[in-house]
Amino acid sequence: MSHARRLLFVTNFSKYTQRNLQTVRKSKPYRGEFLASSLRLPVAKYGGRQTVTVLAGDGIGPEMMECIKRVFSVSHAPIDFEDIELDSRPGAGDASMNNAIIAIERNGIALKGNIETKFDDPTVHSRNVELRTRLDLYANVLHCQTVRNVPSRHKDIDIVIIRENTEGEYSGLEHETVPGVVESLKIVTRRNIERIARFAFDYAVNHGRKKVTAVHKANIMKLGDGLFLRVCKEMAQKEYSQLQFEHMIVDNASMQMVARPQQFDLMLMPNLYGNIISNIACGLVGGPGLVSGMNIGDHYAVFETGTRNTGTSLVGKDLANPTAFLRAGVDMLRYLRLNEHAEMIEGAVVRTLEDRQIHTPDLHGSHRTSEFMDSVIADIEEQMKSKH
């Protein structure tokens, strides 16, 4: 490896290590229900209205953000939007990312579309990952549930997936030692494993979940995944004996998800496995257009779709399914304790899918985005009238 390349690797590793140590010193262990964390600061709220950072991202993101704004307006949700440009276009440098970080730190919360990562250029790093690590959004939460009258291979799926969001294979530390030989580092820490494990166990207790399944590959990665499994086991036995705890190797967990997903209640896993299992779960309940995702830290939260697809092929065609984005907005409203508005919007979305069966092509339907949105808006307007 050349001196310049080695110096770059060592510098990046040093930055990663310093950031991790600073987080360890500054942060407190997560306690309590994540939607009511006492660590979260009530920022950017003026006259009873919350300002939310909007990162529309690439592909259908800008169109879907307009759908969210429309339903928030009709439901009179007390939300103001601060739009920040952050996408994958060439020439968008560090300034765009810094502006996004500053806006989220100021407002405390964001709605986000996916930002495409070019996998054919090793110099381009994922902005999605950078956002999560810089804001220390350590918990990714997905709730995957079958929807009545939406085609799916299985019935009665109701799984919460909690994924560590900041370390593991996503450290971004890799280099080519000699031509044709690449080293990629997977870095895990006891402190971050304890933090995500406690988050998951607390979530299970506070949301009526009975069983936690830890997913790992400790039979091969005996130190890294071995530490993950050992921490989860110890915490379950010592502090959460009221919960049923089990563990499963990731390849078996993938097969079990496809064969018999109803056996799972809450699943806890490291970063990479969480990405894979989450996509499997979303596919089982109907696809990427249905499921929202939450990225939660001690001080900030970012809400987006459950699978990180840009939907570029659907741009401008009026065919994209807005459900996942609308549910991300509902998750955000609940996080802000605006439960009445959240239930109003969620009810309209559910009735559109289940009762009126307005399904976009990804759900084997023939309806358009505009028809779906018209149904949701009409439902919300009817609810508003009934209140008065």
Margin query: For a quick size check, give me the Cα extents of segment 256-388 along its three principal axes, largest first, whole Å.
Written below: 47, 37, 31
Item checked: Where trypsin sites (Lys or Arg not before Pro) fall in DSSP loop in segment 299-388, at most 16 other Cβ within 10 Å -> LYS317, ARG337, ARG356, ARG368
Item checked: Dimensionless Rg ratio for the chain, taking C-alpha atoms and the 2.2 N^0.38 Å reference -> 0.99
Margin query: Which three extents, in angstrom, do the Cα atoms of segment 210-287 have along their principal axes, listed largest first?
Written below: 38, 29, 17
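Taking only the alpha-carbon atoms of segment 67-110, what semi-axes of the equivalent ellipsoid follow from 5 times the gyration tensor eigenvalues under a square root, in whole Å, largest first?
26, 14, 5
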Next item on the list: Mind giving me the nanometre distance, one decimal, between the label points for ASP83 and HIS364, set 7 Å out from Cα along Cα→Cβ?
Entry: 3.7
Next item on the list: With +1 on each Lys and Arg Cβ and -1 on each Asp and Glu Cβ, and nothing else charged, work out how big the dipole of the chain is about its Cα centre, in Debye to the nearest 20.
Entry: 1280
Note to self: Nearest 500 deg cm²/dmol is fine: what mean residue ellipticity at 222 nm does the chain get from its DSSP H runs of n ≥ 4 alone, each adding -39,500 (n - 2.57), divided by its residue count?
What the structure shows: -14000 deg cm²/dmol
Check: Could you give the distance between the Cα centres of segment 279-340 and segment 171-194, to the whole Å?
Finding: 29
Check: Which cross-chain or sequence-distant (5 or more) residues have an amide H under 5 Å from the amide H of PHE81, H modelled 1.01 Å from N in plane?
Finding: VAL52
Item checked: Which of LEU319, GLY297, MET255, positive extreme of dipole for the chain (C-beta unit charges) -> GLY297
Item checked: Between 0 and 90°, nearest 10: helix 250-259 axis offset from the chain longest Cα axis -> 20
Checklist line | Which of LEU272, PHE228, ALA204, positive extreme of dipole for the chain (C-beta unit charges) | finding: PHE228
Next item on the list: Along Cα→Cβ, 7 Å out, is where each label goes; now give me the distance between the ones at ARG191 and ARG49 in nm to one decimal.
Entry: 4.0
Note to self: Give me the dipole magnitude in Debye, nearest 20, for segment 152-235 about the Cα centre, with unit charges on the beta carbon: positive for Lys and Arg, negative for Asp and Glu.
What the structure shows: 540
Next item on the list: Would you mind computing, in nm to one decimal, how far apart the modelled labels at ASN206 and GLN242 are, each placed 7 Å from Cα along Cα→Cβ?
Entry: 1.4
Check: Can you give the convex hull volume per residue for the Cα atoms of segment 174-329, as a whole number of Å³?
Finding: 173
Check: If you roll a 1.4 Å probe over the heavy atoms of the protein chains, what accessible area per residue do you get for the chain, in Å²?
Finding: 46
Notebook entry, point to check: Loop-only check: which GluC sites (Glu not before Pro) in segment 312-360 are DSSP coil with at most 13 other Cβ within 10 angstrom?
Noted result: none
Notebook entry, point to check: Quick one: with all protein chains in place, what share of the accessible area of the chain is carbon or sulfur, to the nearest percent (1.4 Å probe)?
Noted result: 53
Margin query: About the Cα centre, and with charges only on the beta carbon of Lys, Arg (+1) and Asp, Glu (-1), how big is the dipole of segment 183-295? Nearest 20 debye, please.
Written below: 200
Check: Where is the GNM fluctuation largest for the chain (alpha-carbon springs, 10 angstrom cutoff): SER126, SER366, SER171?
Finding: SER366
Note to self: Compute the helix-to-body angle for 3-26: its Cα long axis versus the longest principal axis of the chain, expressed 0 to 90° and rounded to tens.
What the structure shows: 60
Item checked: Loop sites in segment 215-262: GluC sites (Glu not before Pro), DSSP, at most 15 other Cβ within 10 Å -> none
Note to self: Could you give each residue of segment 217-222 its phi-based ³J(HN,Hα) in whole Hz, using Karplus coefficients 6.51, -1.76, 1.60 with θ = phi - 60°, and x for Gly or Pro?
What the structure shows: 9, 5, 5, 10, 8, 5
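The values are calculated or read from the model by the stated rules, or taken from the named source; none is laboratory data. What you see is a predicted model, and the numbers here were worked out from it, not measured in a lab. Cβ sites come from the backbone with ideal geometry, for glycine too, and all protein chains shown count toward neighbours. SASA here: full protein model, heavy atoms, side chains in, ligands and nucleic acids out. Shrake-Rupley method; radii C 1.70, N 1.55, O 1.52, S 1.80 Å.
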